[in-house]
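Peer 1: This structure is in structure tokens; I'll ask about it shortly.
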Amino acid sequence: MSQAATDSRTLDAASSATEGKPRFLRGGSGLLARIALSAIVVAVGLAIVFGVLFLAILTLRDRSVESAHTQQVIATANRLQTRVIDLETSVRGFVISKNTRDLGPWRAAQAQYPREMSALLGLTKDNPIQHSRALALRSAIDGYLQTYSRPLVGFMERNPRYAPTVALSNRGRLEVEAIRARFRQFLDTETALSNARQSRARTTARHALEVGGAGLAASMLLILLGALYLNRAVARPVRLTARAAARIAGGDFSERLRMTGPGEVGELERTFNTMAASLERTLADLEERNQTLAESEQVKSELVSNVSHELRTPLASVLGFSALMLDRDLAPDERRRYLEVIRTEAHRLAALLNDLLDLQRVEQEALELRHEAVDLNALLAAQVTLYSAQSEAHALRFEPAGEPLLIRGDRDRLAQVIGNLLSNGIKYSPEGGEVEVGAGRLGDEVTVWVRDRGLGIPEDHQDRIFTKFFRGDVGRERGIAGTGLGLVLARQIVEAHGGEVGFESEEGTGSTFWFRLPAAAESDAAIPEGSLAAHDDS
């Protein structure tokens, strides 16, 4: 069995098994689906990474906003504290100088104080503790303005002579120091809160950088894995296919791919293997046809040689003796002898033509067989008697079996087979001698054999002995007549009866040809009239 046929059956079986399965159970899903799945995995991974990074950025922004808010609270509180200091220092300068122009900062501070205090209260609404402190600052500053600063300015404007006494008083300075102490407490708390928020902002920024770096590394890893997968699933199989195609183009049709690719790549591999198997099978068929053509040419040459040789001798005899009969006045006995020669040679020509016609019928499967009960004992005895008269130098010895050898077949065709074996046994024993004929039954088969002690068949010719028109060198060298069709026809006839034919031979010691046929059951075939068993009963 050829490798191409084995590969073809394997591929067909694999294809049939694959076609019978649902798509999700076949050898890999579609390549497009796999690529899409890989892209989705990469996209989801990137989305997660960038989502985490986005959250980190939002958190960093919130920390930055908190830090900026704290700085704004501190700046507003510092400005407000500056306004309180301006209130106290401006009044102190006015008391000392008694010049109303020194009250400019005092008046500006009073004008800006409500807006800045309102801003501070608004900025501390998110922190209840600081908001309550801001309210306390507002109460303290309002109390300072209402109970001391404004009444003092009014009093000094009406009574400037009391300026030295007021200047020596520390009440205003003490109240302002108390207010500034509140500011220090407020600012210390807000500064601590600012430092904590800045620390959290720095930590968040560091985490964001770490997440960004990890996300970038994960993205690169996913892209690398996707590239490796595409290389393994697509690029590598395509490279292997290209190399295999190059080897096939170079004449190596045994190349096959491992069908491990996914989806369409797997289909490509299976199609490639099918194509390679088909090419290998086609090449084998072409080589076989070329060999057949070469053998046909050789057979045709042998046919022309053999047929021309077989025709030339009888035709020469027919033409020669007929010319003698026409050209001479012959005596009746001599004329009869010449006519007998002509008739004999005409029979040889007819036999040759019959063999050729039989061969044509066999090749066209038009050989018709009659199926009737035949006793091979009787048929063999008749053929031995007939062929015993062909040669005085040969003795044909036949011992019939002790029981009827019943078969169902064509009597005339089986007689043709037996006659061919007997004729060959006589022809290929040119020195004469004994030709043994035997038959017997073994189980459900009947066997017939013909054994001679003649030339035998050379070992290098034995595998061609059933080839059309093949006669070997021995027959031609010895001048043994024949066309090389007898054994071919014998085998075809035996095989048409459901049997087989064979031989055993050794050069120089003779040959034994045999054939086996299925025995007929007694219920299927009556003992034919005229058989040896019938003679024994009579």
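Peer 1: Mind ranking ASP444, ASP410 by accessible surface for me, highest first, 1.4 Å probe? Let's see the in-between values first.
Peer 2: Values: ASP444 125, ASP410 10 Å².
These residues rank, largest area first, as ASP444, ASP410.
Peer 1: Under a point spin-label approximation (7 Å from Cα along Cα-to-Cβ), what is the ARG247-ASP329 distance to one decimal in nm?
Peer 2: 9.1 nm
Peer 1: Please list TYR229, TYR144, TYR162 in order of solvent-accessible area, largest first, computed with a 1.4 Å probe with all protein chains present.
Peer 2: Values: TYR229 60, TYR144 5, TYR162 95 Å².
Final ranking, largest accessible area leading: TYR162, TYR229, TYR144.
Peer 1: For a quick check: with amide H placed at 1.01 Å from N, whose amide H comes under 5 Å from GLU506's, ignoring anything fewer than 5 positions away on the same chain?
Peer 2: ILE457
Peer 1: On to the next question. For LEU257, list long-range residues whose amide hydrogen, built 1.01 Å from N in the peptide plane, is under 5 Å from its own amide hydrogen.
Peer 2: Those qualifying (amide H under 5 Å, at least 5 residues apart or on another chain) are ASN273.
Peer 1: So for ASP126, ASP333, ASP102, what's the accessible-area order with a 1.4 Å probe, most first? Walk me through the numbers before you get to the answer.
Peer 2: Numbers: ASP126 95, ASP333 125, ASP102 60 Å².
Result, largest first: ASP333, ASP126, ASP102.
Peer 1: Next up: Which value, in Å² and to the nearest 10, is the accessible area of PHE155 when all protein chains are kept and the probe is 1.4 Å?
Peer 2: 70 Å²
Peer 1: What order do you get for 432-438, 285-291, 209-215 when each peptide is scored by the mean count of other beta carbon atoms within 10 Å, highest first?
Peer 2: On the way: 432-438: 17.9, 285-291: 10.6, 209-215: 14.4.
The densest-packed peptide leads the list: 432-438, 209-215, 285-291.
Peer 1: Considering only C-alpha atoms, what is the centroid distance from the stretch 32-91 to the stretch 174-189, in Å?
Peer 2: Using only Cα atoms to place each centre, the spacing works out to 31 Å.
Peer 1: Can you tell which of GLN72, SER90, GLN112 lies farthest toward the positive end of the dipole of the stretch 66-112, using +1 and -1 charges on the Cβ of basic and acidic side chains (Lys, Arg; Asp, Glu)?
Peer 2: SER90
Peer 1: Moving to a separate point now. Give me a comma-separated list of calculated 3J(HN,Hα) values for the stretch 122-133, in order, Karplus coefficients 6.51, -1.76, 1.60 applied at θ = phi - 60°, integers in Hz, x for any Gly or Pro.
Peer 2: Listing the rounded values in order: x, 6, 9, 5, 7, 10, x, 5, 5, 5, 5, 5 Hz.
Peer 1: Using a Förster radius of 56 Å, what is the FRET efficiency between LEU58 and LEU286 based on their Cβ-Cβ separation? Nearest 0.05, please.
Peer 2: Values: r = 75 Å, r/R0 = 1.34.
Taking R0 as 56 Å, the efficiency between LEU58 and LEU286 is 0.15.
Peer 1: Given labels modelled 7 Å from the Cα in the Cβ direction, how far is it in nm from LEU46 to ASN354?
Peer 2: Placing both labels 7 Å along Cα→Cβ, they lie 9.2 nm apart.
Peer 1: Along Cα→Cβ, 7 Å out, is where each label goes; now give me the distance between the ones at THR271 and ALA227 in nm to one decimal.
Peer 2: In this crude label model, THR271 to ALA227 measures out at 3.0 nm.
Peer 1: Hey, another quick one. Residues in the stretch 54-72, backbone N under 15 Å from the label point at LEU216 (7 Å along the Cα-to-beta-carbon vector): list them, ranges by number please.
Peer 2: Once the point is set 7 Å along Cα→Cβ of LEU216, 54 turn out to lie under 15 Å by backbone N, inside the stretch 54-72.
Peer 1: Now for a separate question. Please give the charge dipole size of the stretch 122-163, origin at the Cα centre, charges +1 on K and R Cβ atoms and -1 on D and E Cβ atoms. Round to the nearest 20 debye. Before the final figure, lay out each step's value.
Peer 2: Working: 6 positive and 3 negative charges, 22 e Å.
Approximately 100 debye in magnitude.
Peer 1: At a probe radius of 1.4 Å, what is the per-residue accessible area of GLU295, in Å² to the nearest 10?
Peer 2: Result for GLU295: roughly 90 Å² accessible.
Peer 1: Can you pull the accessible area of LEU37 for me, 1.4 Å probe, Å² to the nearest 10?
Peer 2: It works out to around 110 Å².
Peer 1: Once amide H atoms are built 1.01 Å from N in the peptide plane, which residues 5 or more positions from GLY433, or in another chain, come under 5 Å H to H?
Peer 2: For GLY433, whose amide H was placed from the backbone, the distant partners under 5 Å are HIS394, ALA395.
The values are calculated or read from the model by the stated rules, or taken from the named source; none is laboratory data. All values derive from a computational prediction rather than experimental measurement. Note that each Cβ is placed from the backbone with ideal geometry, even for glycine, and that neighbours are counted across all protein chains shown. Note: accessible area is taken over every heavy atom of the protein model, side chains too, but ligands, DNA and RNA are not part of it. Shrake-Rupley method; radii C 1.70, N 1.55, O 1.52, S 1.80 Å.
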